[in-house]
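One structure is given below, represented as structure tokens, and several questions about it will come after.
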Amino acid sequence: MNLKAPRGTKDIFGDEIYLWQYVEETLREICRYFGVNEIRTPIFEKTELFQRSVGETTDIVTKEMYTMNTKGSESVTLKPEGTAGAARAFIENGMYSLAQPTKLYYITPAFRYERPQAGRQRQFHQFGVEIFGSYDASCDAEVISLVQEVLNRFGINDVELKINSLGGNECRKKYNETLKKYIGDNIEYLCEDCRERFVKNPLRVLDCKNEKCADVIKDAPSVIETLGHECRNHFEQLKENLNNMNIKYTVDSKIVRGLDYYTRTVFEFVSNNIGSQSTICGGGRYDNLVYECKGPKTGAVGFAMGLERLIMLLKEKNLVKEKVRNIDIYLGSIGQKGFLKAQKLGYELRKAGICAEYDTVKRSVKAQLKYADKIKAKYCVVIGDSEIDEDKIQIKFMEKSEQLNVKLSNIKDEILKLLKEKV
Ligand code: HAM
């Protein structure tokens, strides 16, 4: 039997988990500054939610979803992304009746049945922000500024922001007609998927990676050129807002995104340093989604960032050192009496906020000291009968050949003092 982890999944542990924790803590802190609150939605939702929101013509819905029937014959799907669940929760919990905007963030695993490669997994993690309750371009600029702040915080300065506008319902309808006319008889050169997209949602042909399709649409009219007055104004306001915050961008009319719910603003942050899966973060406005999911008409905008890709970038550029586990003190022991004292003391020290370790595998004293060295404990003691009987202990400084003689009964205060002195 092959008991390996499923293809496209990874165990995260050891030194790497410290990097993940550091990244996640930083993201949470940034969200606090931006007044964005966490939401945790279920890992699976009704399949229909993703069909309706992400869209029937997208690769995600047609090819990549992990869908199953429950015992009650209900079709459910592991979330391929976080926006649909957040929108469902916004409606179901009546968040629209609170003071708007509603600003939510999530850090969640997501699942897509894709061909795994560097930066592309079947279970991956997204950090996403969704803001509900505003149609204004300043909200689009706010979510983009949050992504920019994440990049600033991690010292990432060579990721490019690309923006585009797909227009609202009317502009989109007009553009789809223009595109249909442009493609015209060349429909026969499109891939099978795109021929279906041509009928249901022509805009999505622009997103196809197939070379032949790319060739057909390479000189297609730009969506921005066909925007009506209001959508054009919205896009101009977005640019003004980004300029105001000194956030650099380029306008790229080829950005259409791989999900159907977008209206007006779409954007991507792209890196040149992590190979072909170079989009660190993608997002945009989705003013129809809440209404289409049976909620009140609500403007909304958001993004999701792939954490694997962010972490790849940090490693690639050596931008953060992996945090090693910091053990303050190792409590070695000789004999059962010594062990019981070390165990009790260890528990007391941990309660006082000190990272303490003691021997739970019954090693020799020599092996215990070797272990203390390996786990990089700052201080080490060895407790035996005489230390207990005479209430004395020698604290060994692991990095230098120094020691300090103190009373065993005072060890908590002594260690706290030492730790404070070091700071
Ligand atoms: P998305 O572009 O499908 O957008 O995904 C967002 C990010 O998730 C990508 O830029 C990438 O970094 C990461 N990602 C996607 N698929 C994988 C994968 N298979 N392996 C590793 N990383 C991956 C969305 O999901 C939208 N919900 C974003 C959004 C939020 N739009 C508005 N609000």
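Derivation of every value follows stated rules applied to the coordinates shown; laboratory data play no part. Given the structure is predicted, the values throughout are model-derived calculations rather than measurements. Glycine gets a Cβ as well: all are built from the backbone with ideal geometry, and neighbour counts include every protein chain shown.
Using Cα positions and a limit of under 16 Å, work out the aspartates and glutamates in reach of K10, with same-chain residues fewer than 8 apart set aside.
Cross-link targets: E114, E308.
Helix 229-244 sits at what angle to the longest principal axis of the chain, using alpha carbons and giving 0 to 90 degrees rounded to 10?
Tilt relative to the chain: about 30 degrees.
Among Y291, Y347, Y189, which one shows the highest mean-square fluctuation when the chain is modelled as a Gaussian network with alpha-carbon springs under 10 Å?
Comparing Y291, Y347, Y189 in a Gaussian network model of the chain, the most mobile one is Y347.
With labels modelled as points extended 7 Å from the Cα through the Cβ direction, what inter-label distance (nm, one decimal) is found for L416 paired with F397?
According to this spin-label approximation, the distance is 2.2 nm.
Which percent, to the nearest 5, of DSSP beta bridges fully inside the stretch 329-422 are antiparallel?
If I count the DSSP bridges inside the stretch 329-422, around 45 percent turn out antiparallel.
Same structure, new question: What distance in nm lies between label points placed 7 Å from Cα along the C-beta direction at T67 and E48?
Each label point is offset 7 Å from its Cα along the Cβ direction, giving 1.3 nm.
Related question: Is the chain rounded, prolate or oblate when judged by the Cα gyration tensor, a ≥ b ≥ c being the square roots of its eigenvalues, rounded requiring a/c under 1.5 and prolate requiring a/b larger than b/c?
prolate
Report, to the nearest 10°, how far helix 169-183 tilts away from the longest principal axis of the Cα atoms in the chain, using its own Cα long axis and a range of 0 to 90°.
Relative to the chain, helix 169-183 is tipped by roughly 70 degrees.
Along the charge dipole of the chain, Cβ charges K/R +1 and D/E -1, which of Y371, I388, T41 sits furthest on the positive end?
Positive-end residue among those listed: I388.
Here's another thing I want to ask about it. Would you please name the trypsin sites (Lys or Arg not before Pro) within the stretch 311-383 that are DSSP coil residues with at most 16 other C-beta atoms within 10 Å of their C-beta?
K317, K321, K323, R325, K362, R363, K376
Ok, one more. Which net charge results when you count Lys and Arg as +1 and Asp and Glu as -1 among the other residues whose beta-carbon is under 11 Å from that of E268?
Once all neighbours under 11 Å are counted, the net charge is +1.
Of L345, L78, L227, which is the most mobile in a GNM of the chain whose springs link Cα atoms less than 10 angstrom apart?
L345
Turning to a different aspect of this structure: Angle, helix 365-374 long axis vs. longest principal axis of the chain, Cα atoms, 0 to 90°, nearest 10?
The helix 365-374 is inclined about 30 degrees to the chain.
Computed FRET efficiency, Cβ-Cβ of V251 and K351, R0 56 Å: what is it to the nearest 0.05?
0.45
Now, a different point. What dipole magnitude, in Debye to the nearest 20, does the stretch 329-422 give about its Cα centre under +1 on Lys/Arg Cβ and -1 on Asp/Glu Cβ?
Value, rounded to 20: 380 debye.
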